[in-house]
Amino acid sequence: MKSPARQHPPNATPPGGTADTAISPHYKWLALSNTTIAVLLATIDASIMLIAMPEIFRGIRLNPLDPGNSFYLLWMILGFLIVSSVLVVSLGRLGDLYGRVRMYNLGFAVFTAASLALALDPLTGRVGADWLIVWRIVQGVGAAFLVANSAAILTDAFPPNQRGLALGINNIAGISGSFIGLVLGGLLAAIDWRLVFLVSVPFGLFGTLWSYWKLRELGERQRARVDWAGNITFALGLVLLMMGITYGIEPAGGQAMGWTSGPVLTLLVAGAAALLAFAFVELRVPEPMFRFSLFRIKTFTFGTLSTFLSAIGRGGLMFMLVIWLQGIWLPLHGYSFAQTPLWAGIFMLPLTLGFLLSGPLAGHLSDRWGARYFATGGMIGSALSFLLLMLLPIDFNYTTFAGILFLNGLGMGAFAAPNRAAIMNSLPARDRGAGGGMNSTFQNSAQVLSIGIFFTLMIIGLSATLSTTLVQGLTRYGIPPAVAAQVGAQPPISILFAAFLGYNPIRTLVGPGVLAHVSASDRAALTGHSFFSNLIAQPFHAGLVEAFVFATVVCLIAAAASWSRGAQ
């Protein structure tokens, strides 16, 4: 009887292989090195544009604060996440069918080619932005190939008693990449905005050649038909829902947000209907891409649920912290608005440090003691950190702030690595690609949902007092009441985007012509470091409290779900 490929011992020749494809005892570490680079690149590029966005918009000569340009801002950021969320299950399933390494290698090549195309954008204005959006989506396709198959490749390569460490290193590299991207984007954009994309090309080219040369198929493969009906209905439903969430936070019909507008409701209803059709299809086709039967595995079910909830709690945090630092705290402490994007990334480094310290350690310890206590304790620690952030004054002491960020990083790291290892260990060998892809889809889609929730709660908090605060503050410094009223009527999302991008919007919103007619002292105050920050501080804090209360509750529910997985 022929043994499955995954059961071949080190140094054995895989089925169909030759002597020069024999697997060495060190192969597992080679697989870990390559997949960790891949996941790190993919997640760095998911966030690298956040800090670099002002320089990118200046480079393509497009003002992101002009009416209608918020579309480009949102889709440059979210297009990558949306396409990754949509495709990761399908590509994980294709890895199970046709080879995980084959799909992974293709993803590395696609990701690298798209990164080069982004760096070579030859256009300016809105067509230049369209170029970036299209190639960001292609880049997201490549990232989905990598993320969908990397965990399955590692699970095939490592024995069960070392998977926690391996998957922990890989997963923490991915999560910390989101925060490394913030700092790296700021540093590179300060030199040239094209470097933000070009930096991935040499690493991607090296990783592509290395993976084609060295990685081997070890997992079980079975031939089956591609579930086209499931793929199409799933992709359609998820895209429509995420588009609805994206447009829901934009103003529409004279309202601060578009959640009740006809187009958004249509997108949400149509997306939900497509996903219901997807579930109907998957329960009836013989070889489904989304294996609902895996939810009979208790560890997989509660691990995936806690993954989804933790990603909702974490996904919007980065945006809130960036806005808090760039729009308020850094200007109040003497940083110019042009400097704030880079320094916001630097001041968030304690969060990354917490991830990097706790993730691999918790993953290693969970190999011996199980995931339950580490993952549950990590979520409780994260909930505590959100509660402490909520209690901070808007103009905080940085040492205290850094300590809370470090605690949040420790908690998220302690959760992520053991939880991922427990999920992958619970899966049958033939379903590791599909199951890992399902888990990644819940994580990625939760991040987009989280951004929508956090921004919605923030806008609700801002809407109560922001308009009045803007009008009163501007008229106090000599701005005509009619102009101040126009500024006060701006949707809160425009003010949030200005703070997020490191812009002082007073000059743009009021206009140079109006500013020229106020006194020199008032003009200096209006366009200085602290006026805009002081003006929005109190309304912003009200929104922050709403968002952090939500994150605290979600993390506590995630802790309960994590505990419910039972003893390993």
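The values are calculated or read from the model by the stated rules, or taken from the named source; none is laboratory data. The structure presented is a predicted model; accordingly, all values stated were derived computationally and were not measured. Counting neighbours? That spans all protein chains shown, and the Cβs are built from the backbone with ideal geometry, glycine included. Ligands, DNA and RNA are stripped out before the accessible areas are found, and what is left, the full protein with its side chains, is counted by its heavy atoms. Shrake-Rupley method; radii C 1.70, N 1.55, O 1.52, S 1.80 Å.
What are the pairs with Cβ atoms under 8 angstrom where one residue, in region 56-67, is over 22 Å from Leu120 (Cβ atoms) and the other, located anywhere, is open to solvent by less than 50 Å² (accessible area, probe 1.4 Å)? Sequence gap at least six, or different chains.
Note: pairs meeting the criteria are Asn63/Phe57; Asn63/Asn69; Leu65/Ser494; Leu65/Phe497; Leu65/Ala498; Leu65/Leu501; Leu65/Tyr503; Leu65/Pro505.
Working only within region 525-540, note down all residues that are open to solvent by 20 Å² or more (accessible area, probe 1.4 Å) and over 18 Å from Gly478 (Cβ atoms).
Within region 525-540, His529, Gln538 meet the criteria.
Tell me which of these Leu325 doesn't satisfy, since it passes every other one: (1) open to solvent by less than 10 Å² (accessible area, probe 1.4 Å); (2) closer than 21 Å to Leu449 by Cβ.
(2)
Quick check on my filter: what residues within region 257-271 are in a helix (DSSP H, G or I), among the β-branched types (Val, Ile, Thr) and surrounded by fewer than 14 Cβ atoms within 10 Å (Cβ to Cβ)?
Thr266, Val269, listed by residue number.
Residue by residue through region 106-117, note down the ones that are crowded, with 24+ Cβ neighbours inside 10 Å and either touching a Leu at 6+ places or on another chain (Cβ under 7 Å) or farther than 14 Å from Val196 by Cα (or both).
Within region 106-117, Gly107, Phe108, Phe111 qualify.
Could we say that Ala446 is within 36 Å of the chain's Cα centre (by Cα), in contact (Cβ under 8 Å) with a residue 60 or more places away in the chain and open to solvent by 10 Å² or more (accessible area, probe 1.4 Å) here? I'd like the intermediate steps shown before the answer.
Values: within 36 Å of the chain's Cα centre (by Cα): yes; in contact (Cβ under 8 Å) with a residue 60 or more places away in the chain: yes; open to solvent by 10 Å² or more (accessible area, probe 1.4 Å): no.
In short, no.
Provide a single number: the residues in region 420-440 that are open to solvent by less than 10 Å² (accessible area, probe 1.4 Å) and either under 18 Å from the mean Cα position of the chain (by Cα) or without any contact (Cβ under 8 Å) to a residue 40 or more places away in the chain (or both).
Going through region 420-440 one residue at a time, the tally reaches 5.
For Ser366, work out the one condition from (1) without any contact (Cβ under 8 Å) to a residue 24 or more places away in the chain; (2) in a helix (DSSP H, G or I) it doesn't fulfil.
Exception for Ser366: condition (1).
Mind listing whichever residues of region 192-226 are touching a Phe, Trp or Tyr at 6+ places or on another chain (Cβ under 8 Å) and open to solvent by less than 50 Å² (accessible area, probe 1.4 Å)?
Selection gives Ser200, Gly204, Gly207, Thr208, Ser211, Leu215.
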